[in-house]
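Scroll down for the structure; my scribbles are underneath it.
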Amino acid sequence: MSQPLVIRGGVILTLGEDNRVLRDHAIRVEDGRIHKIAPAAEVDAAGARVIDAAGKAVLPGWINAHMHFYSTLVRGLGKAKPSRDFVDQLRNLWWRLDRRLTLDDTYVSALVMAVAAVRSGTTTLIDHHASPGAVRGSLDAIARAVKAAGLRACLCYEVSDRDGADVAQAGLEENAAFIRRCKDEKDPQLRALFGLHAAFTLGDATLDRAAAMGRELGAGFHVHTAESPADQEYNMREHGQRVVRRLRDHGLLGAGTICAHCVHVDDAELDLLAETQTMVAHNPQSNLNNAVGIADLLAMARRGITVGLGTDAMTVRMLEELRVALWAQHLRQNGPTAAFMEVTDTLLVHNPAIASRLWGFPVGRLAEGAAADLILVDYDPPTPLEPATVRGHVVFGLSQAAVDTTVVGGRVLMTGKRLERDVDEAALAARARELAASLWDRF
């Protein structure tokens, strides 16, 4: 295990339901977990690396509840035709892109974004991958990038029938192989879900095979759900059911499953999500970018649904996403003060709950016994910083501040804004440009 670590001198913000503001305290980390949080005089630094957090806020690392590492190399691509709607956007851009990805593309794309996550203080990501032309080994490639950066990630492959039976079968097998790997290795950095694209690209037979395999492996599912009206329209026309009910009837909902988006769900579907304890990942920037709408977080909150915050690869900066989520709910609820607590809960309370459910131990909390995933942010508050004002500081202050130090599992990944991983960032960027140029030629 890594050398013990002591962090002292900063203001500790535990966030979450505990939500304490601790001054003149220190944190000792041992064996990847937070061993002690106490007044600084009571925290022994013997044998430990000591980090001085003076002038900084010490917080849990951020968690991204829905990500697509594979999309990195599309940045700046202008070859896709204009799209009239969301399905056009999939056909003109994303499905053309993912079919052309190689395993090298997948690895480098993931590593670029993983390093960006370290620099942004995002320490855990729940990813959803697609590369129909290079399915086998794709999750291992992403895992290799995650390990190189030092992060935590939960991975899956999005099974779809859109590329034919052979590719769908390869996707089923890729999920199963990676789930078995995670169960066998018990690596605290890696977890797995069983990935599915969306109900409108999956026939009943494939859904049934996935459900059976997931049950046998003891895995939950990660599936795009009612992201646009097209998902509902297809399922009603072809199957006579709305999306969430169809997923439920195939045995895909439950406490281990994440339904991403849920923009176009009705009250009965929300009730099903609540009854099955299914988790939801809200992705407001992507939903606005794709012009599909804004999910009703208040309706979900009233039912007690665990709604986390994802980015759908629009960014790895979780406080950027949080701010957009808040402005979007103001518009959705037609009120300039609406949904502040519900929106901030997605990142500060529910994302830690989702990650802790998937990892099987506390993640995303500053508490004794929790995973030692934490960040130091340059922040000297200009107004009183106390439990009642923390969320306002997160949204309006910390969101504008620089991340100085990132720690995952007790390992220092970055300090003083310098990466402490064996990654040559300049060489990585150069390789990414080479691969992007080749990918764009094939697009």
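Rule-based calculations on the coordinates, nothing more; no lab input. Bear in mind that the values here come from a model prediction, so they are computed numbers and not experimental data. Every residue, glycine as well, gets a Cβ built from its backbone with ideal geometry; the counts of neighbours run over all protein chains shown.
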So if we plug the beta-carbon distance of residue 236 and residue 23 into 1/(1 + (r/R0)^6) with R0 = 60 Å, what FRET efficiency do we get, rounded to 0.05?
0.60
Surrounding net charge for residue 114, when Lys and Arg each add one and Asp and Glu each subtract one, Cβ distance under 15 Å
0
Placing each pseudo-label 7 Å from Cα in the direction of the beta carbon, residue 399 and residue 422 end up separated by a distance in nanometres of 3.9 nm
So what's the angle, to the nearest 10 degrees on a 0 to 90 scale, between helix 425-442 and the longest Cα principal axis of the chain?
10 degrees
Mean separation of Cα pairs under 8 Å and 6+ residues apart, divided by the residue count of the chain: what relative contact order is that in percent?
20 percent
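Subtract the Cα-Cα distance of residue 36 and residue 266 from 0.36 nm times their separation in residues, and report this length gain in nm to one decimal.
Computed gain between residue 36 and residue 266 is 78.3 nm.
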Assuming 0.36 nm per residue, please report the length gained on full extension of the stretch residue 83 to residue 169 beyond their Cα-Cα distance.
28.0 nm
Return 59, 155, 419 ranked ascending by Cβ neighbour count within 10 Å, so the fewest neighbours appear first.
419, 59, 155
What does the charge count near residue 439 come to, summing +1 for each Lys or Arg and -1 for each Asp or Glu among other residues with Cβ under 12 Å from its Cβ?
+2
What number, in percent, do you get for the relative contact order of region 1-45 if the mean sequence gap of Cα pairs under 8 Å and at least 6 apart is divided by its residue count?
36 percent
When the charge dipole of region 38-82 is computed with +1 at the Cβ of Lys and Arg and -1 at the Cβ of Asp and Glu, the Cα pointing farthest to the positive end, of 67, 53, 43, is that of 67
Can you find, among 188, 336, 413, the residue farthest towards the positive end of the dipole of the chain? Put +1 on the C-beta of Lys and Arg, -1 on that of Asp and Glu.
413
For region 1-82, what is the charge dipole size about the Cα centre, in debye to the nearest 20, if Lys and Arg each add +1 at the Cβ and Asp and Glu each add -1 at the Cβ?
600 debye
If you line up the Cα atoms of region 131-239 on their principal axes, what length do they span on each, largest first, in Å?
45, 26, 25
Along the charge dipole of region 62-359, pointing to its positive end and built from +1/-1 on Cβ of Lys, Arg, Asp and Glu, which listed residue (210, 270, 307) has its Cα farthest out?
307
Quick one: angle between helix 165-185 and the longest Cα principal axis of the chain, in degrees between 0 and 90, rounded to 10, please.
30 degrees
Sorting 182, 262 on the 10 Å Cβ count, fewest up front, what's the list?
182, 262
For region 77-190 the mean separation of alpha carbon contacts under 8 Å (6+ apart) over residue count, i.e. relative contact order in percent, is 24 percent
Ranking 83, 71 by Cβ neighbours within 10 Å, fewest first, what do you get?
83, 71
Would you work out the charge dipole size for the chain about its Cα centre, treating the Cβ of every Lys and Arg as +1 and the Cβ of every Asp and Glu as -1, and quote it to the nearest 20 debye?
560 debye
Of the cross-linked pairs 56/147; 147/186; 147/417; 186/417, which ones have a Cα-Cα span greater than 22 Å in the structure shown?
56/147; 186/417
Quick check: the angle from helix 138-149's long axis to the longest principal axis of the chain, C-alpha only, nearest 10 degrees?
10 degrees
Along the chain, longest interval not containing exposed GluC sites (Glu not before Pro), exposed being DSSP loop plus at most 14 other Cβ atoms within 10 Å
18-367
